[in-house]
Amino acid sequence: MGRVRRWVLGVAAAGLLAGAAHELRWALTVQPSSDRTHVRAARLLAGSGRGEARDQWDEFESACDMFGRVRSTVMLKYGEGRPDSAPSGWPQAAPWPVPLTVVKAGTADSASRDLAKNLVADLCDPMVGSMLDGIAEPPRCVRPLDGEVARLIDVRFPELTTGREMGLALVAKMHLAAEPGGVEDLARWYRRSIKVANIQSQQPTLIDRLVSDAVFDEATEAARLIASRDDLSSATLDAMIASTRAMADIPLPTRAMECERLSVLDTLRSLHDENGRCIPTRVDALTRMSQGEAAAEPSEWMNLLWWRYPSLDLTVARAEEHFKVIAEATASEPHARLAEPARLEMALETQAKPADRVLRLLLPALSHFIARTDRSTCMRRATLVLLEVERYRAEHGRPPSSLDELGVSRPKDPYSGLDFGYFIPRPSADPRPYLLYTVGIDGVDNEGAEASDREQAFRSGRGVTGIDFVFNAKPARSK
């Protein structure tokens, strides 16, 4: 009997040793299920440019190429990093070579503004403007990738940078056109900047949409500032209204959301072996990369902790559920959502289990994207309403007593589902002839009450309430 027991124990021990050897061999030699991430997303993008949209994209790409060459010439003329003759008051943080911050700053010294004017004049080459004018309205440009997955990054990011800088240069031209004595056509430069942003918004990735919103926000901010500060003619306001109306509502890009989903799922598959078992060394490398840490060679012994992570099927199921909830939450206006995307992702962020580490790394960017898009939508809609108010004011010599007096259809405040807030303040309470405002993310009308940090009106999850955002600027010159 003792001999049988020893034999059984020996067999069991041998089995355990063989299993341990197998696990050790797996940990030291494991390969992911796929080394090519974002493959399906790239293929979805690759088929996005066809027909007329592709022809328009070719025209836009020619304008970007021309702007890129002009930018290179400007940098050689004024200095690669900074202008050699930059005035002492030139802000060190100003983007180079697009000096939008200098053009916008009312306190900039005259030498800095003169240099900024020369830079903008050189950057906004007439040829670039005529190329943009040649693109049909409204633009339907979609970047073609022709099925070459490798071009997704090689082509995309240079174009994104050039497109953004070109849009900001056009906005800088708007500010200069509106200065006293300016001879440029303000409405033309506004239309061009809006067109660049509109083209970026047509592209099927989230980062394209963020770049688009950044240019939209600068252009519409300039339009609101100039229109509420200066005496613009009815013809100029009509032209700016037409440009704004064409882009007041741009829905969340479903193709971009789908590309993001496929990219996440492909990344998850690259972190598991062919049997669906997680590879901790790959997770560690992804964590280091996301935190900006220097690449390090992780110890393969880390792979012995694979059991702390769920299987590929379970992780994919959680990711799919997350995207489903986000899609449902963003299918309606911000005021009608049952739950904010930021709160949905905050619940994921607070999970302490290592099993959720990968999802925490890959998913939270969506809430930032959605919040940013909501804000940009609000700004575009409000700009249209403000320009309508200013046109009424130019024609009647006074602002309307209410928005109903405008007599035109107008977009709603996305944070309330109602008209934007509007009233005529007492002169002793506010120097502005009227107040046009959004209730902000809390959805509560506080009659235009603002904070020193005006952006608090668009921040959630921080206990910030009772704050609105007013769109029309306080007058710098009498009107």
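Assorted remarks:
Each row is one residue, and each column tells you yes or no for (1) under 30 Å from Glu274 (Cβ atoms); (2) at pLDDT 65 or above; (3) of a type in the set (Phe, Trp, Tyr); (4) over 24 Å from the mean Cα position of the chain (by Cα).
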residue	(1), (2), (3), (4)
Val39	yes, no, no, no
Leu44	yes, no, no, no
Gly47	yes, no, no, no
Arg71	no, yes, no, no
Gly89	no, yes, no, yes
Ala111	no, yes, no, yes
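- Meets criteria (under 12 Å from Val358 (Cα atoms) and either assigned to a helix (DSSP H, G or I) or modelled with pLDDT of 75 or more (or both)) for Leu262: no
- Within segment 382-433, the set of residues being among the hydroxyl-bearing types (Ser, Thr, Tyr) and at pLDDT 90 or above comprises Thr383, Tyr392, Ser401, Ser402, Tyr415, Ser416, Tyr422.
- One residue from Pro427, Pro433 being touching a residue at least 24 places away in the same chain (Cβ under 8 Å) and more than 31 Å from the chain's Cα centre (by Cα): Pro433
- Looking only at residues in segment 438-459 that are in contact (Cβ under 8 Å) with a residue 40 or more places away in the chain and surrounded by 19 or more Cβ atoms within 10 Å (Cβ to Cβ), the one that is nearest to Phe420 (Cα to Cα) is Thr438.
- Filter pass, Thr236 being touching a Ser or Thr at 6+ places or on another chain (Cβ under 7 Å) and either among the aliphatic types (A, V, I, L, M) or part of a helix (DSSP H, G or I) (or both): no
- Any chance Gly448 is modelled with pLDDT under 80, assigned to a loop (DSSP other than H, G, I, E, B) and over 17 Å from His335 (Cβ atoms): no
- Ser290 fulfils the conditions (1) surrounded by 20 or more Cβ atoms within 10 Å (Cβ to Cβ); (2) under 30 Å from Pro204 (Cα atoms); (3) at pLDDT below 75 except for a single criterion, (1).
- Per-region count, segment 209-249, residues surrounded by 22 or more Cβ atoms within 10 Å (Cβ to Cβ) and acidic (Asp, Glu): 2
The rows are residues; the columns are (1) in a loop (DSSP other than H, G, I, E, B); (2) loosely packed, with under 12 Cβ neighbours inside 10 Å.
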{"site": "Arg372", "(1), (2)": "no, no"}
{"site": "Met379", "(1), (2)": "no, no"}
{"site": "Ser409", "(1), (2)": "yes, yes"}
{"site": "Ser416", "(1), (2)": "yes, no"}
{"site": "Pro425", "(1), (2)": "yes, no"}
{"site": "Asp430", "(1), (2)": "yes, no"}
{"site": "Leu436", "(1), (2)": "no, no"}
{"site": "Ala473", "(1), (2)": "yes, no"}
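- Some residue of segment 199-218 being of a type in the set (Lys, Arg), under 14 Å from Ala178 (Cα atoms) and either touching a helix residue (DSSP H, G or I) at 6+ places or on another chain (Cβ under 9 Å) or in a helix (DSSP H, G or I) (or both): no
- Taking residues in segment 322-334 that are crowded, with 16+ Cβ neighbours inside 10 Å, and partners anywhere that are among the charged types (D, E, K, R) and assigned to a loop (DSSP other than H, G, I, E, B), the pairs with Cβ atoms closer than 6 Å and at least 6 places apart or on different chains are Ala329/Arg337.
The values are calculated or read from the model by the stated rules, or taken from the named source; none is laboratory data. Computed from a prediction, not measured in an experiment: that's the story for all the values here. Please note: Cβ atoms are built from the backbone with ideal geometry, for glycine as well, and neighbour counts cover all protein chains shown.
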